[in-house]
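S.K.: Sharing a structure below in structure tokens format, with a few things to ask.
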Amino acid sequence: MASCLHKKPIFTKHDQYYSRTFFDQQGVETRIKNYFLLFSENDNFHQKIKLSRNLHKKYLLNSLKGLSESNQALDASIPWLIYWTLHSLDILGVLDSEEFAKEFIQKGFIKKAISTLSWCQSKEGGFGGGHLQLPHLAPTYAATNALAILSRFDPTAISVIDRKTMKEFLLKMKNKDGSFNLHENGESDTRGAYCALSTAHLLQIDDQDVTKNTGGWIATCQTYEGGFSARPWREAHGGYTFCAIAALSILGELDKIEMEPLIDWLVHKQMRFSGGFQGRINKLVDGCYSFWQGGVFSFFKDYLNEQTNQDIFKIYQIGQQQKNENEEKNEILKKEEGEKKEKEKEKEEKEIIGEEKEEEEKEEEEEEEENEEEEEEEENEPLDWLEGNYGSVNLLFDEISLQGYILACCQDTRGGLMDKPLKGRDLYHTCYCLSGLSCSQNNLSKEKNPVVLGLEENLVNKIDPIHNITELASNSVKKYFETLNNKN
């Protein structure tokens, strides 16, 4: 993976068929190039590129006051809005401040948030998108995560969830094959399986009744490409791949899948020019896949190393390097053979015609062409994101380039994060861009030290990728249940 900063753009290669997709891709990369140039033209760009923490904080806190007219249709997604906002604030470290926490409590926000979420809980178990709405696994997952975050301030927040009726709801949604319907008589997919298992795992109700056959069903959703689809025989997709791998990690059943094609599919979803990820083949880069795709690496690194007792990442990279070297050697041999035949042919012609002058002119032209090529290569030589001390970067994908895409292209100047340049900011992309940033900094390096693009101020809180809440929030819930179990 080349660096994503270039003085001159090296656009994604295409197959010479000029489709709508090609023009869309070219347009996006042109816009991204303009964003990169804002930093590459600065000698100290690694010090200038920064996370606009205060602007994002302001945007997120304003969203807690109420929805704008353009977002009022999301009123049926109340648990999601609360979760996205709280989780983003938690990643940014805003909730770590004692002064801010005190203000949060004094203004009654904690009680209000807990009360609002409790109103979304169904008497039959699970949560709906709003008061008296049908219980659904997706808002159930969001509400559980939001209450886990709130438990940092109020340890009893998670107790709002009725674990007995929650388990009944999860079992009601479960099918014999191990899949889960998202709601009563609704569709079943890998997203439903993940939401059910993540919720059950966090609430410590993930017993055999909940987990039976689910790992086997998820394994059937792996496609010929290597990624995972919503259901068997569908197209591989980044979001569903995350759900599948996170669910299998909870179950401890990653050995049920084909790991090599999965790795191959994932690494090729990182876009060469931008450094960000696309969700599936032939699609544009999108900031949210920084987590849906980039976060998946958090799960199987340790698993693979345990299976081989070796550094599988290094082995894989060496294998790829050898493969590339062999391909390059074959190309060089073919080229040399072709040049040899060409020279022999030219020699025969020149012997017949006797035009020695033509040969001299040709040599001069070739020399000029070589000089032009060298100049062009210098112009296209990528700037190095790793200017400065960023530690060891030796993963299957370029996490520094991913951070570069998020920080250079996904931050709205008013606060909040977005899909790609010129798109609108929203709470969804703010949450998942920051989650991807956290994973690329904290969850992936083989060393314990974070790998951060730019100054230390860009470092965000570490998340628990299984649930996509911070480790601080995850630990607060574990501590609550430990205390509860000790009392019982």
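The values are calculated or read from the model by the stated rules, or taken from the named source; none is laboratory data. Worth saying up front: this structure is predicted, and the values here are computed from it rather than measured. Cβ coordinates were reconstructed from backbone atoms using ideal geometry, including for glycine residues, and neighbour counts include every protein chain displayed. Ligands, DNA and RNA are excluded from the accessible area calculation, which covers all protein heavy atoms including side chains. Shrake-Rupley method; radii C 1.70, N 1.55, O 1.52, S 1.80 Å.
S.K.: So, in the stretch 271-294, how many residues would count as being part of a helix (DSSP H, G or I), of a type outside the set (A, V, I, L, M, F, W, C) and open to solvent by 20 Å² or more (accessible area, probe 1.4 Å)?
M.R.: Restricting attention to the stretch 271-294, the residues satisfying the condition of being part of a helix (DSSP H, G or I) are 289-292, 294.
Narrowing further to those that are of a type outside the set (A, V, I, L, M, F, W, C): 289-290, 294.
Among the residues that remain, those that are also open to solvent by 20 Å² or more (accessible area, probe 1.4 Å) are: 289.
Qualifying residue count for the region: 1.
S.K.: Looking at the stretch 199-231, which of its residues are part of a helix (DSSP H, G or I) and within 30 Å of H268 (Cα to Cα)? Spell out how you get there, then give the answer.
M.R.: So the first thing to find is which residues in the stretch 199-231 are part of a helix (DSSP H, G or I), and the list is 199-202, 208-211, 214-219.
Across the stretch 199-231, the qualifying residues are T214, G215, G216, W217, I218, A219.
S.K.: So for the stretch 76-83 (the condition being modelled with pLDDT under 90 and either more than 24 Å from the chain's Cα centre (by Cα) or part of a helix (DSSP H, G or I) (or both)), does at least one residue qualify? First the steps, then the outcome.
M.R.: Taking the stretch 76-83 first, the residues modelled with pLDDT under 90 are 76.
Filter once more, keeping what is either more than 24 Å from the chain's Cα centre (by Cα) or part of a helix (DSSP H, G or I) (or both): 76.
Yes: one or more hits.
S.K.: Can you pull out every residue in the stretch 189-216 that is without any contact (Cβ under 8 Å) to a residue 60 or more places away in the chain and either open to solvent by 30 Å² or more (accessible area, probe 1.4 Å) or more than 21 Å from H467 (Cβ to Cβ) (or both)?
M.R.: Hits for the stretch 189-216 are R191, D206, D207, Q208, D209, K212, N213, G216.
S.K.: Right, another one. Only one of L417, L402, L407, L437 is hydrophobic (A, V, I, L, M, F, W, C), under 23 Å from L455 (Cβ atoms) and touching a Cys at 6+ places or on another chain (Cβ under 7 Å); which?
M.R.: On the way: L402 fails: touching a Cys at 6+ places or on another chain (Cβ under 7 Å); L407 fails: touching a Cys at 6+ places or on another chain (Cβ under 7 Å); L437 fails: touching a Cys at 6+ places or on another chain (Cβ under 7 Å).
None of the others qualify; the one that does is L417.
S.K.: Step by step: first the residues of the stretch 156-177, then only those that are open to solvent by less than 50 Å² (accessible area, probe 1.4 Å) and hydrophobic (A, V, I, L, M, F, W, C), then the one that is farthest from G125 (Cα to Cα). Which residue is that?
M.R.: Step by step, filter the stretch 156-177, then rank; the result is A157.
S.K.: Still on this structure: Could you please give the count of residues in the stretch 446-458 that are without any contact (Cβ under 8 Å) to a residue 60 or more places away in the chain and surrounded by fewer than 18 Cβ atoms within 10 Å (Cβ to Cβ)?
M.R.: First, pick out the residues of the stretch 446-458 that are without any contact (Cβ under 8 Å) to a residue 60 or more places away in the chain: 447-450, 456.
Then keep just the ones that are surrounded by fewer than 18 Cβ atoms within 10 Å (Cβ to Cβ); that gives 447-449, 456.
Count: 4.
S.K.: So, A101, is that one crowded, with 23+ Cβ neighbours inside 10 Å, of a type outside the set (V, I, T) and on the phi < 0 side of the Ramachandran plot or not?
M.R.: Working: crowded, with 23+ Cβ neighbours inside 10 Å: no; of a type outside the set (V, I, T): yes; on the phi < 0 side of the Ramachandran plot: yes.
The answer is no for A101.
S.K.: Taking the conditions exactly as written (touching a Ser or Thr at 6+ places or on another chain (Cβ under 6 Å) and assigned to a loop (DSSP other than H, G, I, E, B)), does N449 satisfy them or not? Break it down into steps so the answer makes sense when it comes.
M.R.: Values: touching a Ser or Thr at 6+ places or on another chain (Cβ under 6 Å): no; assigned to a loop (DSSP other than H, G, I, E, B): yes.
Considered against the rule, which asks whether it is touching a Ser or Thr at 6+ places or on another chain (Cβ under 6 Å) and assigned to a loop (DSSP other than H, G, I, E, B), N449 comes out as no.
S.K.: Still on this structure, please answer the following. Which helices (runs of 4 or more DSSP H) sit wholly inside the stretch 86-198 and have at least 3 residues that are in contact with a helix residue (DSSP H, G or I) (Cβ under 8 Å, 6 or more places away or on another chain) and farther than 30 Å from A219 by Cβ? Don't jump to the end; show me each part of the working.
M.R.: On the way: elements: 98-106, 109-119, 137-150, 163-173.
Counting at least 3 such residues, we get 98-106, 109-119, 137-150.
S.K.: Now for a different question. Please go through the stretch 51-96 and give me each residue that is open to solvent by 40 Å² or more (accessible area, probe 1.4 Å) and acidic (D, E), ordered by number.
M.R.: Within the stretch 51-96, E69, D75, D96 qualify.
S.K.: So is Y18 open to solvent by 70 Å² or more (accessible area, probe 1.4 Å) and at pLDDT 70 or above or not? So that I can check it myself, show each step before the final result.
M.R.: Details: open to solvent by 70 Å² or more (accessible area, probe 1.4 Å): yes; at pLDDT 70 or above: yes.
Yes: the conditions hold for Y18.
S.K.: Scan the stretch 226-270 for residues that are touching a Cys at 6+ places or on another chain (Cβ under 9 Å), open to solvent by 20 Å² or more (accessible area, probe 1.4 Å) and in contact (Cβ under 8 Å) with a residue 40 or more places away in the chain and report the count.
M.R.: Of the residues in that region, 2 qualify.
S.K.: Determine whether the stretch 178-192 contains at least one residue that is under 24 Å from the mean Cα position of the chain (by Cα), at pLDDT 95 or above and polar (S, T, N, Q).
M.R.: Yes, there is a match, as at least one residue in the stretch 178-192 is under 24 Å from the mean Cα position of the chain (by Cα), at pLDDT 95 or above and polar (S, T, N, Q).
S.K.: Does the stretch 404-443 hold any residues that are of a type in the set (S, T, N, Q), in contact with a strand residue (DSSP E or B) (Cβ under 7 Å, 6 or more places away or on another chain) and under 19 Å from K48 (Cβ atoms), and which are they?
M.R.: Once the filter is applied, which keeps residues that are of a type in the set (S, T, N, Q), in contact with a strand residue (DSSP E or B) (Cβ under 7 Å, 6 or more places away or on another chain) and under 19 Å from K48 (Cβ atoms), the stretch 404-443 yields only Q411.
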